[in-house]
Number of protein chains: 2
Amino acid sequence: MSFRYTTKMLHESALLTDLYELTMARAYHELNMRDMAVFELFVRRLPPERRYLVAAGLPQVLEYLETLHFCAADLEFLGGLKLFSPSFLDYLATLRFTGTVHAVPEGTPYFANEPILRITAPILEAQLVESRVINLMHFQSTIASKAARCVSAARGKRLVDFGMRRAHGAEAALCAARAAYLAGFDGTATVEAGKQFGIPLSGTMAHSFIQAHDSEEAALRRFVMTTGQPTTVLIDTYDAERGAYRVASLARELKASQSPGQIRAVRVDSGELTAQARAVRGILDDGGCPEIEIILSGGLDETQIDALVRAGTPVDGFGVGTRLDCSEDVPSLDMVYKLEVYAGKSRRKRAHGKETWPGTKQIFREHAPSGTYTGDSIGLADESRPGTALLEEVMQGGRRVTTLPDLAASRDYCRACLERLPPALKDLDGAHDPYPVVISAEVRALADRLDQSGE
Amino acid sequence: MSFRYTTKMLHESALLTDLYELTMARAYHELNMRDMAVFELFVRRLPPERRYLVAAGLPQVLEYLETLHFCAADLEFLGGLKLFSPSFLDYLATLRFTGTVHAVPEGTPYFANEPILRITAPILEAQLVESRVINLMHFQSTIASKAARCVSAARGKRLVDFGMRRAHGAEAALCAARAAYLAGFDGTATVEAGKQFGIPLSGTMAHSFIQAHDSEEAALRRFVMTTGQPTTVLIDTYDAERGAYRVASLARELKASQSPGQIRAVRVDSGELTAQARAVRGILDDGGCPEIEIILSGGLDETQIDALVRAGTPVDGFGVGTRLDCSEDVPSLDMVYKLEVYAGKSRRKRAHGKETWPGTKQIFREHAPSGTYTGDSIGLADESRPGTALLEEVMQGGRRVTTLPDLAASRDYCRACLERLPPALKDLDGAHDPYPVVISAEVRALADRLDQSGE
């Protein structure tokens, strides 16, 4: 009943799965169904608010698969459920993931129906990992896709993730920071994310620091002096313009005295931000501090960033919090992990509105001579089609066959990919044609054959 | 750069905080500001989609506070940032939370501006814990509030959390299961949540199990036979009505043979659910299986549950997934943690649109003779006001002063509280007067005095 993860670390628990994965595993085990299955991970449809998605979360998936095991406490708990035979629990005790994984590189833009991850393994293993594989890839893809829109809207201005407090738990905070950085953010305020992933950290002060002093002027001065280096201060605790006058005066004094503590930037977190920023910019410039930057925050998302930039707001960077870390407008994607092949035979789900394209598939992406992507096709993996095949083998026999790029390299790759997207896709409004994705004739023919021959 | 939390468990990391909490801590330390601060946690305003909220997450907050410490690896990382002096890092090495915590019991309904948690501690400690305290309380409150609406809509029908795969990470999946159970759900599919919190587990089979067989009939038979106990089967992989005929026939056979494996329920996960459920109910009843229950799932939320129940859909339970675990319509609340008192003096933030009510406060809740709540007032903690004072001391000197109720007891308490809410608040549409919450004259007078005297 406790929240302590005494037996192993939370993110490693083999019990981070839906019960039905285990009841199906039991059935596969007892029915001796040990043939290879192919499962593919894809998003069934794009939400209207997204013109493209960004793949993220692969290193976490591979780490999960490589370390998957049931410890004694897991097995004891499962035994207590009275659902599983001792022989099945003995089997679970030795279970390791032995499959093959193909995936698109992290940071790759993708579209509806495109398989971004494929797992080929004995069906019991491939099925068992479904819940956590989706859980990891879904969240980071959701955030990277939102963050990429913020990056487009910011047009080169600095973006920092401020969202930990309203992210959905600890792992969400860390993975949101990671996914946002992958998609082009410049840093995060979440310290543990800096430690885990090497993301640049950013952060300054809260209103409470100002409020804990009897005077705002004293609070600003004391904060900068103890910091002993260039720093950002918050100026809207009582009145942003009055705060700006105080900053200009203090900054002149600090410059004159060559104090190690200097004011590098001011942050405004409330009110009508364009008007506030203009007033503050004027006060700072008139006060001899044109070098002090302005950071804006407070419930921002890509739409507001876009409006602020378009309005010519004098701003150098944005803190983006809740609406990024929760992906407020699109908190979930219709991402699924579906059986495509079992025992060498293609499979197709035909539940109403949830039909799948069968077979082991590949994404082929074509581009113009300029490098701009012109369209994708989804074909069978063994088809020969024009374009670059995006899915690559990253794990075989349960072990990585390649060293994934580090986060900074994936961030560079993501930026390069986003530059190659048709520009209209990066407009925030959705009033454009969708990116062309076709299903190959071979995939369609396979679906037809299955519909006619099977259940 | 790895996702392994090698030094301690993720949820315990003292670095799960925003950088500014640490830069402010450094300033408080170096300025020798060691006076007591009072911070209160509250939601500034209710989203239009919520008429009340449900407090959740307190045991996790207390565990975090009790175990808070910086380990050697944390300090080494912080040292590498070149932001903190060795003497400050030495101080952090010995830091423990020594404060007092008051909170409303878990499961308590609450409203805008009501402080549901109050921390009184030396300002450095009280400030440092802000990010993680909000992170824990915000998410569970968000989910419990959503889940309570589902419980009202389901009118006694069984509800199970199916949302792990699209929850925002591992902790979100676990805490969503917990918060939903607190608010009246009957169980979860997330196995680790069953282990951590003792929540009843539920789960059956996925479409892939059916697809891995050449015939649906064989798949159903083999699943039930290997299960060896009453179980739920999924019938819409190809066609729900055809699935229902197969189930009726198989169920009769299993009953006749007194097999330990029996069909207890069928699940339908796609299509127009009322029509499907009616057709399936008819087929099962006509087929001599009136005892087989019908479970519906597939993108459900409280609005759809309400519509299904109102339409008289023959249904015994619902699986609620993504829209619950992401709180799809309201993925975040405007929950904040604000300084109210420092060094014996009340404090007020006046940033535009983000003004706070100052002072150490208490919630007083009144009720009619019938038990129904009639309204709340927010007064100063030392005011004498009508109604029940909701905030209770739960921690003193960094140690719990009371044993919190276990999750099942909190669930009972939550149910009793929700029964006492004015019925109109539980209507899903928002076309009713809000619950009355008044700010006491003493709090207003204190705010006026601060506005006149201070910054």
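Under a plain spin-label model, where a point goes 7 Å from the Cα along Cα-to-Cβ, how far apart in nm are A:Thr374 and A:Asp214? Taking the two extended label points, one gets 7.4 nm. The charge dipole of chain A, taken about its Cα centre with unit charges on the Cβ of Lys, Arg, Asp and Glu (plus for the first two, minus for the last two), comes to roughly 200 debye.
To the nearest Å, what is the center-to-center distance of segment A:259-324 and segment A:380-398, using C-alpha atoms only? Each part reduced to its Cα centre gives a spacing of 46 Å. Estimate the FRET efficiency between A:Ala408 and B:Glu76 by the formula 1/(1 + (r/R0)^6), using the beta-carbon distance for r and 30 Å for R0, to the nearest 0.05. E between A:Ala408 and B:Glu76, to the nearest 0.05, is 0.90.
Over all orientations, chain A has a Cα convex hull whose mean projected area works out to 25.8 square nanometres. Of interest is the spacing of the C-alpha centroids, which for segment A:420-455 and segment A:11-28 amounts to 32 Å. Comment: the Cα-to-Cβ extended label point of A:Pro405, at 7 Å, lies 5.4 nm from its counterparts in the other copies, nearest first.
Which entries of A:Lys426/B:Lys354; B:Lys157/B:Lys361; B:Lys195/B:Lys338; A:Lys195/B:Lys345; A:Lys255/B:Lys82; A:Lys195/B:Lys338 show an alpha-carbon separation above 31 angstrom in the structure shown?
On the way: A:Lys426/B:Lys354 33 Å; B:Lys157/B:Lys361 39 Å; B:Lys195/B:Lys338 35 Å; A:Lys195/B:Lys345 37 Å; A:Lys255/B:Lys82 22 Å; A:Lys195/B:Lys338 27 Å.
In this structure, A:Lys426/B:Lys354; B:Lys157/B:Lys361; B:Lys195/B:Lys338; A:Lys195/B:Lys345 lie more than 31 Å apart at Cα.
For segment A:154-325, the Cβ-based charge dipole about the Cα centre amounts to some 280 debye (Lys, Arg positive; Asp, Glu negative; other atoms uncharged). Across the options B:Gly163, B:Tyr181, B:Leu68, the greatest Cα extent toward the positive end of the charge dipole of chain B (unit charges at beta carbon of Lys, Arg, Asp, Glu) belongs to B:Leu68.
Relative to the longest principal axis of the Cα atoms of chain A, helix A:407-420 runs at roughly 90 degrees. Please say if segment A:57-96 is rounded, prolate or oblate, where rounded means a/c under 1.5 for a ≥ b ≥ c the square roots of the C-alpha gyration tensor eigenvalues, and otherwise the choice is prolate for a/b larger than b/c and oblate otherwise? Since a/c reaches 1.5 and a/b is larger than b/c, the shape of segment A:57-96 is classed as prolate.
Compared with the dominant Cα axis of chain A, that is its longest principal axis, helix A:170-182 is turned about 80°.
Once you order the gyration tensor axes a ≥ b ≥ c over the Cα atoms, which shape class does segment A:336-410 get: rounded for a/c under 1.5, otherwise prolate or oblate by comparing a/b with b/c? Write down the numbers at each step before the final one.
Numbers: a/c = 2.01, a/b = 1.24, b/c = 1.62.
Oblate shape, in that a/c is at least 1.5 and b/c is the bigger or equal ratio.
Entry note, chain A: relative contact order of 21 percent, from Cα contacts under 8 Å with a spacing of 6+ residues. Normalising the average separation of contacting C-alpha pairs (under 8 angstrom, six or more residues apart) by the number of residues puts the relative contact order of segment A:154-325 at 27 percent. Candidates A:Ala126, A:Ser141, B:Cys414 compared by Cα position along the dipole of the protein assembly as shown: farthest toward the positive end lies A:Ala126, with charges placed on Cβ. What percent does the relative contact order of segment B:57-196 come to when contacts are Cα pairs within less than 8 Å and at least six residues apart? That works out to 21 percent. Seen from a random direction on average, the alpha-carbon convex hull of the protein assembly as shown projects onto 37.2 square nanometres. By the Cα gyration tensor, segment A:170-210 has an equivalent ellipsoid whose semi-axes, rounded to whole angstrom, run 20, 11, 9 from largest to smallest. As a proxy for reagent exposure, ranking A:Thr237, A:Thr274, B:Thr322 by other Cβ atoms within 10 Å from fewest up yields A:Thr274, B:Thr322, A:Thr237. Of the trypsin sites (Lys or Arg not before Pro) found in segment B:28-121, those that fall in a DSSP loop while having at most 16 other beta-carbon atoms within 10 Å are B:Arg34, B:Arg44, B:Arg45, B:Lys82, B:Arg96. Under the convention that each Lys and Arg Cβ holds +1 and each Asp and Glu Cβ holds -1, the size of the dipole of segment A:226-281 around its Cα centre is about 260 debye. Rg over Rh for segment A:154-325 works out to 0.97, using Cα positions for both radii and the Kirkwood form for Rh.
Multiplying the residue separation of B:Arg415 and B:Val401 by 0.36 nm and subtracting their alpha-carbon distance yields 2.5 nm. For q = 0.09, 0.12, 0.13, 0.18 Å⁻¹, what log10 I(q)/I(0) does segment A:322-455 give under the Debye formula with an equal point scatterer on each alpha carbon and no solvent? The Debye formula, applied to the Cα set alone, gives -0.39, -0.71, -0.83, -1.35.
Coordinate-derived values only; no laboratory data. All values derive from a computational prediction rather than experimental measurement. In this analysis, Cβ positions are derived from the backbone assuming ideal geometry, glycine residues included, and neighbour counts consider all displayed protein chains.
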